[in-house]
Ligand code: ADP
Ligand code: MG
């Protein structure tokens with residue numbers, strides 16, 4: 001993506017209020033930080049603040065620059081441009097051991113010959129904290145991670161999840177300004193990982209220390225975070241609460257990366273303040289709210305609607321509402337709801353979740369049905385998903401679909 005496009009499309013969509021230094025409650029400031037490795041830019045002009053006491057996640061596909069950003073906060077890497085602040089002070093040139101942050105890696109190295117208690121007490125002891133204070137703190141942290149009864153065991157006598165919690169207690173015992181976690185649950189199996197997600201969230205609430213959490217797993221980020229920074233190819237695409245990012249994605253990338261999104265190509269006909277009138281596949285005209293950068297009239301942009309916000313009707317819905325004619329391709333029963341795969345007249349595929357409230361007769365493939373949604377369920381997003389290379393086969397298929405539809409909607413575009 002060319003620099004000027006990044007600037008125009010991405011910068012205005014980032015939560016400005018969260019910018020570094022804009023609030024007294026910012027613990028970590030990422031101040032226009034760029035990181036280059038030779039001529040490769042791993043992080044491009046990241047500019048945001050992480051607030052005191054929040055659970056903040058950096059989310060994005062492998063290679064998007066999450067670990068590099070975390071390593072710059074920890075001090076293991078230096079920014080090529082911009083600066084990092086901790087508690088308001090520029091720490092860009094301060095070595096890791098002098099920064100009041102602690103990192104938990106996926107491969108936490110506990111001392112195998114020491115007891116759990118001694119592992120946790122090791123940090124404060126080496127900082128010459130008084131004996132009684134060390135004891136108090138270590139027991140407090142072991143209680144918080146619910147290992148109070150395991151203080152005398154050796155790491156080898158604990159399960160993977162318990163060892164992980166010892167590593168957490170050890171990282172928190174010095175009361176750092178922030179705890180940095182880089183995919184710490186990656187090595188655990190699914191059940192344990194899900195249980196640990198809730199544990200981590202509870203522990204973070206209890207200690208009240210800022211957590212900066214790196215993950216490529218959207219569900220993990222949505223479950224645990226107060227706010228999420230979604231990254232793609234070194235660029236922070238959006239920062240917001242899980243709810244904001246899910247319901248008002250700022251870009252096609254964010255919409256497609258988080259949850260299931262219907263991304264319909266649409267020609268922008270008219271812009272009226274915070275709303276745009278667009279033509280959807282099959283020539284239906286709808287009015288869509290604009291929540292991020294405004295696409296230009298005459299261009300093709302993307303209308304995003306989540307599957308659970310789409311209503312399926314047997315007849316064209318009356319009145320001034322969105323209305324798209326589709327044909328049923330496939331139906332999958334998923335317990336309380338049916339996942340309907342539908343084709344618009346131009347071939348664009350839309351997924352809708354049909355529930356008992358929709359009050360429909362039994363649908364079959366080839367049935368013609370009408371889609372509608374409440375006005376605020378849709379979002380107009382600039383551009384099409386052509387810039388992000390790393391995809392699963394399914395995502396690739398969807399992207400191809402989108403491009404083909406674009407050519408049908410607006411044949412004058414290449
Ligand atoms: P993530 O954690 O999001 O998977 P990283 O921050 O580890 O991504 O890496 C981002 C990009 O920077 C990757 O393309 C990676 O290969 C590159 N990169 C990371 N560290 C180095 C390094 N020390 N030298 C060269 N390239 C690096
Ligand atoms: Mg990483």
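The values are calculated or read from the model by the stated rules, or taken from the named source; none is laboratory data. In this text the structure is predicted, and so the values were computed from the model without any measurement. Methodologically, a virtual Cβ is constructed for each residue, glycine included, from the backbone with ideal geometry; neighbour enumeration extends over all protein chains shown.
Some notes on this structure:
- Note on region 202-220: residues that are in contact with a helix residue (DSSP H, G or I) (Cβ under 7 Å, 6 or more places away or on another chain) and within 16 Å of ligand 1 (Cβ to nearest atom) amount to 6.
- Check on residue 308, in a helix (DSSP H, G or I), under 26 Å from the mean Cα position of the chain (by Cα) and at pLDDT 90 or above: yes
- Some residue of region 80-92 being within 15 Å of ligand 2 (Cβ to nearest atom), buried (at least 21 other Cβ atoms within 10 Å of the Cβ) and modelled with pLDDT of 95 or more: no
- Residues in region 112-131 that are touching a residue at least 12 places away in the same chain (Cβ under 8 Å) and loosely packed, with under 14 Cβ neighbours inside 10 Å: 112, 113, 127.
- Per-region count, region 35-69, residues within 12 Å of ligand 1 (Cβ to nearest atom) and either out of contact with any helix residue (DSSP H, G or I) (no Cβ under 7 Å at 6 or more places or on another chain) or under 13 Å from residue 232 (Cβ atoms) (or both): 22
- Failed condition for residue 229, given (1) in contact with a helix residue (DSSP H, G or I) (Cβ under 8 Å, 6 or more places away or on another chain); (2) assigned to a strand (DSSP E or B); (3) under 23 Å from residue 45 (Cα atoms): (1)
- The residue that is surrounded by the most Cβ atoms within 10 Å (Cβ to Cβ), counting only those in region 42-70 that are over 19 Å from residue 204 (Cβ atoms) and near ligand 2 (Cβ under 9 Å from one of its atoms), is 64.
- Residue count for region 317-356 under the criterion of being more than 26 Å from residue 285 (Cα to Cα) and out of contact with any strand residue (DSSP E or B) (no Cβ under 6 Å at 6 or more places or on another chain): the result is 5.
Results for (1) touching a helix residue (DSSP H, G or I) at 6+ places or on another chain (Cβ under 8 Å); (2) surrounded by 23 or more Cβ atoms within 10 Å (Cβ to Cβ), shown as yes or no for each residue.
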| residue | (1), (2) |
| --- | --- |
| 133 | yes, no |
| 160 | yes, no |
| 188 | yes, no |
| 191 | no, no |
| 200 | yes, yes |
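- Filter pass, residue 182 being within 16 Å of ligand 2 (Cβ to nearest atom), surrounded by fewer than 18 Cβ atoms within 10 Å (Cβ to Cβ) and under 22 Å from residue 67 (Cβ atoms): no
- Single condition residue 73 does not satisfy, out of (1) more than 16 Å from ligand 2 (Cβ to nearest atom); (2) modelled with pLDDT of 95 or more: (1)
- So residue 241, is it closer than 25 Å to residue 106 by Cβ and away from ligand 2 (no atom under 15 Å from the Cβ): no
- Cβ-Cβ distances below 6 Å connect the following pairs, each with a first residue in region 64-84 that is over 18 Å from residue 230 (Cβ atoms) and assigned by TED's automatic domain parsing to the domain that holds residue 106, a second residue that is within 13 Å of ligand 2 (Cβ to nearest atom) and modelled with pLDDT under 95, and a separation of six or more residues or different chains: 74/103.
- Here residue 243 qualifies as under 23 Å from the mean Cα position of the chain (by Cα), without any contact (Cβ under 8 Å) to a residue 12 or more places away in the chain and surrounded by fewer than 24 Cβ atoms within 10 Å (Cβ to Cβ).
- Verdict on residue 267 being in contact with a strand residue (DSSP E or B) (Cβ under 9 Å, 6 or more places away or on another chain), in a strand (DSSP E or B), within 16 Å of ligand 2 (Cβ to nearest atom) and in contact (Cβ under 8 Å) with a residue 12 or more places away in the chain: no
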